């Protein structure tokens, strides 16, 4: 009888791509809990809706491509993109924002390039950026944190949240500027005074009510992923360090022109989400560890630049997309030194330098 | 604790080593038929020395190494050579190759052996010869001829001898049990190799720390022998620390440079199994005829290590271990990380068979379908060669050979750690093997085309050179001609009168030439005799050559013989004629001696029978006639001659038609042409007559 002919190796570590993605999704839960606690069920609705829409769009495209849907959906990459997109979008944004974002992320930025592994740009960030540029009004209405709510008013309940998302009910009473918004618009007050006068800062502990805890939540999730060795420390730590470094240099002693302290930057906006969930996206970042450090550091620097001197209050999405452009270039010049060779090689050389 | 270094990456797969260590080292009954492939090593296959039907004894040399990178082959048992034919080989390709088949007679009689009790005093080259003669190759799985490794190039000094007892692959315990049961032979072998390499400073036996029994056995043997030269170095278990390059790094911290050997950094690394085999070859004169193989897997009832003769069919081994063919997922020769699958159990055990693995489906399930590569980089984290397997994978898919080479695909040791950890279950090593093959083929093709291009360019240059030379010659000739012309013109101008060269003068010069060749009768005789002699000797020579030649040449030479004979006849005839003529001439001379004074001047020209002068006379007459004719007479003469020729042609054509000659058409056209010419000339004559 003929036995099976299979190429070596014949042993394999348990685990699949799907389990990796599932672990990442689960690690977003602490941050999501913080967001929901401080801003209401908006983020949760976003996450669930975006997740479902992304899976639906992926299934539709797979059907059109004639691929087995169950097999490809099982890698949970569409769900993860939906979760990240949902976390990035403002809570209580209309459903069609979520739909357009999901469409851009899954179909435009991922499937049209060939599916998982073939996309050069981070799909969630592409979706976010397309929305931000196309629908600036809806994308800049951020929810008010619990601590800033006036007396007697509570956070939106689930029903009113659903009506806001699906029925277009107005949410003006529940919106407020984010800490980054506030800093961007400040020209006159010293940072100290800003912290005292603005409710979003005065009601907070370190850097901005609600947002600081959300970032802490994502930091916690990220540390768990590092512990599980889902990714290496090089990219996220480089990004955070570079951002802190830039903020420290340009802090300007807390004057009215200051861009914000390092602590402020680390715990505001999408910093931690970006560091541990966006920058670490393996498909679109650099390959070698050295490359990842350069990639992460460049993202950190760019985030600070755009936040402080650019047009947008938060900049993680743009910074990441710009570095996605550069990732192949970084890869060419950051090969590790192979065993038995004196120096690392460059991917562009035809022959090894003697 | 001796310092050890760590390799980059590495994995910790489930060891699965306890199954085969429950039972002691065993054996299987002798198989009725032993199949011995001629190539069980790296290098050229061995050349058979025996013929079908020949009786051989155990340990007898049956095939000798072909060249330096090859190994001898010996009969693993006594019996009769059944045949030398192609059989399925234990190779990943599943192909077949030449094998010597021995039908064992069951007696297992050894041939005469040459033991050597004291090798410390023996000459190093003699020891090398013994090891080479014993056909020992790397038994850890690579199969590199041991004698070559133990003879590094003259300019390299070896300061470290490493014995590889690592056995990092899961399931395999062959070296483990060897070290446990034959530790003294391992130590003795180490001392032998140490002596052969000129006593290097360190002799290290590298063993992973998951083999405590083996480590203890080795240390006990060292203590008993009070041996301070050898050190047993345990280090943390990790796959693939047993690879030669990795072990060198772990035990010495040195990296073997890419494309070079460990000898280039002063290290020689030998598997413990090969060491023991080398020791037995020298000490007892035993060639390599058997080895220890781990037989393991859930599809077997018995799992253990066995000492098995080379050439034993795997099927025979499996049969004696309670093999369940329906339970087995796949049959592997080697370990689960680097072993290759066998499609049939009808292949033999060879020098490099360290394990026969027959796992059940539960133990080794079918690999799930591969998903997309997400560049997670886990493969890069575990690669012992510090490569970027994810990039190698993408470039393999794209068949971008330049980028593959820039990413050092040649340094991949195909250990399988990357595929082991890949979350997408991509068979990475398969891609790298395929790419390496493509690159190798490209290199061969490129070399071929480079050589063709070099030949073509050289040819172009050569032709240009030839052209240039011709041009130069032509130019030189032209210059010489011009110079000659100038000289002539200068001579003319200087007043040397040179009469105009006319037809009659050409004739005169020809006459002069012929006259100058007029030799005296004696000289002419001598010349003719010489010609006859040379023709005769040429004939003899050609005869001799014809006798010596054979085949086609003979025919050609026979033809030449014929020619030579004709020539001889010709020259002899001329000679005879001349003699006759001279005799008649002298006779005529003698008879006309009385009238000599009056008639000799007239007779002499007539007595010269030269064909040349006769022709010249004729031509002279004709030229004179021509010179004295008018144009009209000339034309008439032409017409007359043409008429006779037309008559002749007509007669010939009639003959041809009568004979049905194939050249009838040619004759006809010839005739027609001549007739046309005749008519033309007649018309011309008429016209001129009318004019005149």
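Of note:
- Filtering region B:263-274 to residues that are touching a strand residue (DSSP E or B) at 6+ places or on another chain (Cβ under 6 Å) and in a helix (DSSP H, G or I) leaves only B:272.
- Test: residue in region A:270-286 that is farther than 23 Å from residue A:214 by Cβ, within 14 Å of chain B (Cβ to nearest Cβ) and out of contact with any helix residue (DSSP H, G or I) (no Cβ under 6 Å at 6 or more places or on another chain): yes
- Residue ID - surrounded by the fewest Cβ atoms within 10 Å (Cβ to Cβ), chosen from residues in region B:140-195 that are farther than 26 Å from residue B:72 by Cβ and within 38 Å of the chain's Cα centre (by Cα): B:155
- Just one residue in the set A:194, A:226 is under 18 Å from residue A:247 (Cβ atoms) and surrounded by 15 or more Cβ atoms within 10 Å (Cβ to Cβ); that residue is A:194.
- Within the option set B:312, B:302, being touching a strand residue (DSSP E or B) at 6+ places or on another chain (Cβ under 7 Å) and either touching a residue at least 24 places away in the same chain (Cβ under 8 Å) or farther than 30 Å from residue B:107 by Cα (or both) holds for one residue only, B:312.
- Test: residue in region B:309-320 that is assigned to a loop (DSSP other than H, G, I, E, B) and surrounded by fewer than 24 Cβ atoms within 10 Å (Cβ to Cβ): yes
- Taking helices (runs of 4 or more DSSP H) as the structural unit, those lying wholly within region B:134-209 and holding at least 3 residues that are within 24 Å of residue B:337 (Cβ to Cβ) and at pLDDT 95 or above correspond to B:174-181.
- Taking region A:176-197 as the range and being in a loop (DSSP other than H, G, I, E, B) and under 9 Å from residue A:257 (Cα atoms) as the test, the residues that pass are A:186, A:187, A:188, A:189, A:190.
- Residue A:343 satisfies every condition listed in (1) more than 8 Å from chain B (Cβ to nearest Cβ); (2) more than 20 Å from residue A:139 (Cα to Cα); (3) surrounded by 15 or more Cβ atoms within 10 Å (Cβ to Cβ) except (3).
- Residue, nearest to residue A:50 (Cα to Cα), within region A:198-215, restricted to residues that are outside any loop (DSSP other than H, G, I, E, B) and free of Cβ contacts under 8 Å to residues at least 60 places away in the same chain: A:212
- Test: residue in region A:322-337 that is free of Cβ contacts under 8 Å to residues at least 40 places away in the same chain, away from every other protein chain (no Cβ under 11 Å) and either assigned to a loop (DSSP other than H, G, I, E, B) or in contact with a strand residue (DSSP E or B) (Cβ under 6 Å, 6 or more places away or on another chain) (or both): no
- Test for residue B:348: is it away from chain A (no Cβ under 14 Å), crowded, with 20+ Cβ neighbours inside 10 Å and touching a strand residue (DSSP E or B) at 6+ places or on another chain (Cβ under 6 Å): yes
- Selection within region B:401-428 - within 23 Å of residue A:352 (Cβ to Cβ) and facing another protein chain (nearest Cβ under 7 Å): B:402, B:403, B:406, B:407, B:408, B:411
- Unique residue being more than 60 Å from the chain's Cα centre (by Cα) and farther than 30 Å from residue B:511 by Cβ when the list is B:647, B:633, B:665: B:647
- The one condition in (1) surrounded by 15 or more Cβ atoms within 10 Å (Cβ to Cβ); (2) out of contact with any helix residue (DSSP H, G or I) (no Cβ under 9 Å at 6 or more places or on another chain); (3) assigned to a helix (DSSP H, G or I) that residue B:127 fails to fulfil: (2)
- Counted residues, region B:324-338 - those being part of a loop (DSSP other than H, G, I, E, B) and touching a residue at least 60 places away in the same chain (Cβ under 8 Å): 5
- Counting only helices (runs of 4 or more DSSP H) that sit completely within region B:348-432, those holding 1 or more residues that are over 34 Å from the mean Cα position of the chain (by Cα) and under 29 Å from residue B:94 (Cβ atoms) correspond to B:378-382, B:389-398, B:417-421.
- Summed over region B:327-343, residues that are touching a helix residue (DSSP H, G or I) at 6+ places or on another chain (Cβ under 8 Å), closer than 20 Å to residue B:311 by Cα and facing chain A (nearest Cβ under 8 Å) total 2.
- Annotation note: of B:260, B:216, B:228, the sole residue that is away from chain A (no Cβ under 14 Å), part of a loop (DSSP other than H, G, I, E, B) and free of Cβ contacts under 8 Å to residues at least 12 places away in the same chain is B:228.
Quick grid of which residues meet (1) away from chain B (no Cβ under 14 Å); (2) without any contact (Cβ under 8 Å) to a residue 12 or more places away in the chain; (3) over 15 Å from the mean Cα position of the chain (by Cα); (4) surrounded by 24 or more Cβ atoms within 10 Å (Cβ to Cβ):
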{"position": "A:39", "(1), (2), (3), (4)": "yes, no, yes, yes"}
{"position": "A:43", "(1), (2), (3), (4)": "yes, no, no, yes"}
{"position": "A:53", "(1), (2), (3), (4)": "yes, no, yes, no"}
{"position": "A:73", "(1), (2), (3), (4)": "no, no, yes, no"}
{"position": "A:97", "(1), (2), (3), (4)": "yes, no, yes, no"}
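- Unmet requirement for residue B:435, which otherwise passes all of (1) within 13 Å of chain A (Cβ to nearest Cβ); (2) in contact with a helix residue (DSSP H, G or I) (Cβ under 7 Å, 6 or more places away or on another chain); (3) more than 21 Å from residue A:15 (Cβ to Cβ): (1)
The values are calculated or read from the model by the stated rules, or taken from the named source; none is laboratory data. Every value quoted in this text rests on a predicted model; they were computed, and no experiment measured them. Positions of Cβ are generated from backbone atoms using ideal geometry, with glycine treated the same way; all protein chains shown enter the neighbour counts.
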